[in-house]
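Nothing in this text is a laboratory measurement; each read-out follows from the coordinates by a stated rule. Nothing here was measured: the structure is a model prediction, and the numbers come from that model. Because the Cβ atoms are built from the backbone with ideal geometry, glycine has one as well, and the counts that use them run over all protein chains shown.
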Amino acid sequence: MAVLHAVDDMLVEDGYAAMTMKGIAARAGVGKQTVYRWWDSKAQILLEAVTQDAATELVIDPASSSADEIDAFLEAVDRFLTSSHAGAAYRALVGEAQHDAKVAALIRPSDPLIAAAQPILRRATARGDLPADVDLTAVAIDLVAPAVFGVLTGLRAAAGIVAGGDFLARYSDRAEHKSEQPR
């Protein structure tokens with residue numbers, strides 16, 4: 001746990017590029033061998049720390065409607081990305097993934113924002129607000145991608161855009177149009 005806290009702190013203080021496995025070990029007060037026994041790279045450590053933090057920071061209690069839950073989730077994602085140390089770490093990993101295929105491959109199967117969206121989308125499906133046969137991973141990507149893009153580029157804040165709103169309607173419309181098509 002000390003290593004995960006150390007990596008968060010180091011990222012905020014020094015930035016991703018300045019972090020080293022040796023520095024992480026020193027900051028955590030453990031031997032470099034200990035760090036390498038559990039993780040192969042600083043990206044792995046950072047992703048584990050982000051994933052643990054996201055699992056608590058992005059939990060949304062069930063609400064009276066799917067739209068309310070999605071709006072609350074998107075607000076939590078925005079806070080996570082703009083105000084949280086873990087969000088800063090996530091942004092650093094996404095940035096690094098743009099030019100490091102190993103980091104991209106590390107994030108892709110276990111993105112913590114996609115994972116955090118799953119319970120909300122399952123509840124929306126159970127309520128009938130999303131089609132039963134919808135690919136929840138694809139929907140989660142559609143849900144979080146605009147928020148991530150908006151924060152990474154600064155466009156969302158500059159334009160005063162709030163994500164959400166008609167998100168469920170887009171999927172309801174798709175389901176209606178799909179059922180209207182001849183077979």
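What does the charge add up to near residue 144, with Lys and Arg as +1, Asp and Glu as -1, over the other residues with Cβ less than 11 Å from its Cβ?
-3
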Ranked packing of 85-96, 55-66, most packed first, by mean Cβ within 10 Å: 85-96, 55-66
By the scheme Lys and Arg +1, Asp and Glu -1, what is the net charge of all other residues having a beta-carbon under 9 Å from that of residue 80? -2
Around residue 16, with a cut-off of 10 angstrom between Cβ atoms, what is the net charge of the other residues, counting Lys and Arg +1 and Asp and Glu -1? 0
In nanometres, the difference between 0.36 nm per residue of separation and the alpha-carbon distance of residue 134 and residue 9 is 41.1 nm
Set the Förster distance to 25 Å, then compute FRET efficiency between residue 38 and residue 127 from the Cβ-Cβ distance, nearest 0.05. 0.05
